[in-house]
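Worksheet: the structure to be examined is printed underneath.
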């Protein structure tokens with residue numbers, strides 16, 4: 001895994017996948033492996049895909065408000081399964097207040113409207129590299 005492996009998907013009935021596809025391509029072009037989980041996922045399915053794929057990062061794309069309901073469950077499952085994976089959230093509807101709440105729940109990074117590609121790539125590369133260092137040491 002050159003620059004890391006990322007699982008990208010949407011939760012619930014959020015079917016606005018253009019942003020997720022765009023970010024997947026940006027990450028792929030930056031040398032990351034991207035596993036695209038697509039639409040209509042549950043927290044359980046996303047965490048299982050991340051475990052099955054030995055992902056470094058889970059990226060949740062959100063363009064509806066469902067993430068507010070699903071993210072606490074996803075973060076709980078990551079902890080319960082002792083998954084060494086960072087969770088990142090991105091989308092057009094994320095408010096600053098929601099971003100703060102998500103970070104309080106353990107989300108590693110939140111990208112709202114207008115996020116720069118370089119910031120997304122840099123953050124995910126750093127998160128993936130940190131996990132890969134932990135795995136190689138342990």
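Just order 88-95, 116-123 by mean Cβ neighbour count inside 10 Å, highest at the front, would you?
88-95, 116-123
Can you put 127, 18 in order, fewest other beta carbons within 10 Å first?
Ordered by Cβ neighbours within 10 Å, fewest first: 18, 127.
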Between residue 82 and residue 104, what length in nm is gained on full extension when 0.36 nm per residue of separation is reduced by their alpha carbon distance?
6.1 nm
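Using the Kirkwood radius over C-alpha pairs as Rh, can you work out the diffusion coefficient of the stretch 49-108 via Stokes-Einstein at 4 °C, viscosity 1.567 mPa s, in µm² per second?
In µm²/s, the coefficient is 109.
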Stokes-Einstein, Kirkwood over Cα pairs, the chain, 25 °C, 0.890 mPa s; D in µm²/s equals 168
Extended-chain gain in nm, criterion 0.36 nm per residue less alpha-carbon gap, residue 116 and residue 40:
24.7 nm
For a quick check: sort 80, 33, 73 by the number of other beta carbons within 10 angstrom, fewest at the front.
80, 73, 33
Taking 101, 25 and counting other C-beta atoms within 10 Å, the order from fewest to most
25, 101
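Coordinate-derived values only; no laboratory data. Just so you know, these numbers come straight off a predicted model, no measurement behind them. Neighbour counts are summed over all protein chains in view; Cβ atoms, including those assigned to glycine, are modelled from backbone coordinates with ideal geometry.
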